1. Any idea which of ALA72, LEU182, VAL110 is furthest toward the positive side of the dipole for region 42-199, if Lys and Arg beta-carbons carry +1 and Asp and Glu beta-carbons -1?
2. Might you report the magnitude of the Cβ-based charge dipole of the chain about its Cα centre, with Lys and Arg at +1 and Asp and Glu at -1, to the nearest 20 debye?
3. In whole Hz and in residue order, list the ³J(HN,Hα) couplings for region 98-104 that follow from phi through the Karplus curve 6.51 cos²θ - 1.76 cosθ + 1.60, θ = phi - 60°; x for Gly and Pro.
4. Test of understanding: ordering HIS13, HIS143 by Cβ neighbours within 10 Å, fewest first, what list do you get?
5. Using Cα-only point scatterers and the Debye equation, what is log10 of I(q)/I(0) for the chain at each q in 0.18 Å⁻¹, rounded to two decimals?
6. FRET efficiency for SER171 and LEU118, Cβ-Cβ distance as r, R0 = 30 Å, nearest 0.05?
7. Rounded, prolate or oblate for region 110-163? Axes are the square roots of the Cα gyration tensor eigenvalues, ordered a ≥ b ≥ c, and the cut-off for rounded is a/c under 1.5.
8. What FRET efficiency do you get for THR91 and ALA140 if R0 is 25 Å and r is their Cβ-Cβ distance, rounded to the nearest 0.05?
Amino acid sequence: MGHYFTNEPGAQHAPRTLTVTLRGRQVQVTTDAGVFSTSRLDPGTTVLLAQAGEVPPSGTLLDLGCGWGPIALTMAMASPGARVLAVDVNTRALELTAQNAEHLGLVNVVTATPEDVLAAEPDLRLDAIWSNPPIRVGKAVLHEMLRTWLPRLAPGASAQLVVAKNLGSDSLQRWITSDLGLPTSRRASAKGFRVLQVSTPEE
């Protein structure tokens, strides 16, 4: 079957239409087998969208591990003047996010694999990162992912990461602060999840 964090999911296609509420707006989206949280809006993502604060009105925003796109779609709806990068290793997830963005008329969503983004823009700087990161990939892969993207935050920008308390949110907070040297605080705690805010100093 494969995991949702593989490039090509082994699960047979089983597309379905969901009606979800993204920050007060009810929308219809398409999901499929082989991607994260196919049958609902994930509870962690729900907490993130409720607690992450305002979306920057412009610049380049990143949804890291986009799945079928709820975070990227929310950012794009909130900030039509921003470019929203929806990044995932799962090609089926990227296809769904692109399809959902098109359905909602969101022309500012760009879907791509991490490798393609970094190859095209090696000096990329990000004005925000919102992510429900794939904790179950394992600590080594997760740390490498965060080590790749968090230092790309522009001066004064921040990342909002939602992590379940029982899956190591507090230890991850300590690791980001100590290993990456980026101040990390607990923005919110709700329904068994913590929203971690990673900040970069102003220039």
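1. The listed residue farthest towards the positive side: LEU182.
2. 840 debye
3. The phi angles translate into 4, 5, 5, 5, 5, 4, 8 Hz.
4. On the way: HIS13 9, HIS143 16.
Ranked by crowding around the Cβ, least crowded first: HIS13, HIS143.
5. Here the Debye-derived log intensity ratios amount to -1.35.
6. On the way: r = 27 Å, r/R0 = 0.90.
Taking R0 as 30 Å, the efficiency between SER171 and LEU118 is 0.65.
7. On the way: a/c = 1.79, a/b = 1.23, b/c = 1.45.
Because a/c hits 1.5 or more and a/b fails to exceed b/c, region 110-163 counts as oblate.
8. Details: r = 23 Å, r/R0 = 0.91.
Step by step, r from the Cβ atoms, then E = 0.65.
Read-outs throughout are calculated quantities, based only on the coordinates presented, and are distinct from any laboratory measurement. Nothing here was measured: the structure is a model prediction, and the numbers come from that model. Positions of Cβ are generated from backbone atoms using ideal geometry, with glycine treated the same way; all protein chains shown enter the neighbour counts.
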